[in-house]
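Peer 1: Dumping the structure here so I can ask a few things about it.
The values are calculated or read from the model by the stated rules, or taken from the named source; none is laboratory data. For clarity, every value in this text was computed on a predicted model and none was experimentally measured. Methodologically, a virtual Cβ is constructed for each residue, glycine included, from the backbone with ideal geometry; neighbour enumeration extends over all protein chains shown.
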């Protein structure tokens, strides 16, 4: 196993390197902060002859996804990326590649949604696309941004999968921050990602129509088949992650654990904020508190079994959401409660919403969440009323 070379790269450039090593055929994207550096770097690679690909300059994110759909259906390996409002403009095209089983790969540099206008990171954009039928993975750092982009091509194009895939990176926290990234040998990456051959590629000699009108007598069956096959992708995702680890020495899992041995309390995070939460767990352990951390790596398909196994010995789970489902609370917390409904008597679940619009959550913020969650559990046991902020939005760093 060759370790590769360590290079200082911002997250956007790490993604661009992964796309280059994947030897994509078509790149179609529209620039929007904070993903623009990905597009700019790929444009340079194409212009300088580093990457033999077609770079399609489109007039919008809607058109970017439309071009990806056509190129992928014609047998090309494609890439696009976007963020925040650009993702919302792209939204109504995103259900098409998942329904047509086209393995488009996209990176989203997560960004808060207006209003007020914000270019900074939270997860409000990614929460709007939970149900579009794409495989969704979440990176914590720039190394993972590179690795998961490589894995996305292998996963999406596997003939037992054939679904589009998204890699989420936190805007600015990863996209614009320089970290050391191990770049593997390009031959190893080429071996890991075989040439793309869609089994149902469009052929001008044998024309067919795709995505035709679906009356009520066939539409439900089409959606049932799509859901059935989408659920079957999870074992393949785990298998490919295992192969990636055996090849490159870095292993990924749907739910990843940190200091969970003997833990009765755990934080749950998604994205780059997890590394700050690790430091909070370290301090709590030093203070004698049996705390741990869970990080969701696979957002869709949701890892129900793996998540239930991870929390089976816990007494308290503290969930951090970086988005609001208005009128409902935290979207991740609501899904976690649904997934753990049968454990509601033995496991307390307390959700917090923080980091909106890029606001920082320091180490002490995570420790305060745990303290407030423990207080809430005691209040519930005493049958006392709670102030809304105890279970709703609570921010740090004012």
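Peer 1: Among the listed residues 341, 251, 258, which satisfies the condition of being within 22 Å of residue 142 (Cα to Cα) and surrounded by fewer than 18 Cβ atoms within 10 Å (Cβ to Cβ)?
Peer 2: It is 251.
Peer 1: Please return the ranges of helices (runs of 4 or more DSSP H) entirely within the stretch 1-107 where 3 or more residues are touching a residue at least 12 places away in the same chain (Cβ under 8 Å) and closer than 30 Å to residue 229 by Cα. Give the derivation first.
Peer 2: Values: elements: 11-21, 36-47, 61-73, 84-99.
Helices (runs of 4 or more DSSP H) meeting the threshold: 11-21, 61-73, 84-99.
Peer 1: Given the structure, is residue 34 under 25 Å from residue 196 (Cα atoms), in contact with a helix residue (DSSP H, G or I) (Cβ under 9 Å, 6 or more places away or on another chain), buried (at least 20 other Cβ atoms within 10 Å of the Cβ) and assigned by TED's automatic domain parsing to the domain that holds residue 166?
Peer 2: No, not satisfied.
Peer 1: Can you tell me how many residues in the stretch 118-131 are surrounded by fewer than 24 Cβ atoms within 10 Å (Cβ to Cβ), in a loop (DSSP other than H, G, I, E, B) and either touching a helix residue (DSSP H, G or I) at 6+ places or on another chain (Cβ under 7 Å) or free of Cβ contacts under 8 Å to residues at least 60 places away in the same chain (or both)?
Peer 2: The qualifying residues number 5.
Peer 1: When you scan the stretch 59-69, how many residues do you find that are in contact with a strand residue (DSSP E or B) (Cβ under 9 Å, 6 or more places away or on another chain) and over 17 Å from residue 107 (Cα atoms)?
Peer 2: 0
Peer 1: Follow-up question, since we're still on this one. Scanning for something within 22 Å of residue 321 (Cα to Cα), outside any loop (DSSP other than H, G, I, E, B), in the same structural domain as residue 238 (by TED's automatic domain parsing) and touching a helix residue (DSSP H, G or I) at 6+ places or on another chain (Cβ under 7 Å), does the stretch 175-182 turn up at least one residue?
Peer 2: Within the stretch 175-182, none of the residues are within 22 Å of residue 321 (Cα to Cα), outside any loop (DSSP other than H, G, I, E, B), in the same structural domain as residue 238 (by TED's automatic domain parsing) and touching a helix residue (DSSP H, G or I) at 6+ places or on another chain (Cβ under 7 Å).
Peer 1: Please go through (1) crowded, with 18+ Cβ neighbours inside 10 Å; (2) out of contact with any helix residue (DSSP H, G or I) (no Cβ under 9 Å at 6 or more places or on another chain); (3) over 23 Å from residue 143 (Cα atoms) for residue 274 and return the number of the only condition it doesn't satisfy.
Peer 2: For residue 274, the failing item is (3).
Peer 1: Output the qualifying pairs, or none if there are none: Cβ atoms under 8 angstrom, residues six or more apart or on different chains, first residue in the stretch 218-229 and within 16 Å of residue 131 (Cα to Cα), second residue assigned to a loop (DSSP other than H, G, I, E, B) and at pLDDT below 95.
Peer 2: So the pair list comes out as 222/214.
Peer 1: Still on this structure, I have one more. Which of the residues spanning the stretch 277-302 are closer than 21 Å to residue 123 by Cα, outside any helix (DSSP H, G or I) and touching a helix residue (DSSP H, G or I) at 6+ places or on another chain (Cβ under 7 Å)?
Peer 2: 293, 294, 295, 298, 301, 302
Peer 1: Among the numbered criteria (1) over 18 Å from residue 111 (Cα atoms); (2) crowded, with 24+ Cβ neighbours inside 10 Å, which one does residue 12 miss?
Peer 2: Of the numbered conditions (1) over 18 Å from residue 111 (Cα atoms); (2) crowded, with 24+ Cβ neighbours inside 10 Å, the odd one out for residue 12 is (1).
Peer 1: Can you pull out every residue in the stretch 132-166 that is part of a loop (DSSP other than H, G, I, E, B) and in contact with a helix residue (DSSP H, G or I) (Cβ under 9 Å, 6 or more places away or on another chain)? Explain how you work it out, then say what you get.
Peer 2: From the stretch 132-166, those part of a loop (DSSP other than H, G, I, E, B) are 132-134, 139-141, 158-164; that's our starting set.
Passing the criteria: 132, 133, 134, 139, 140, 141, 158, 160, 161, 162, 163, 164.
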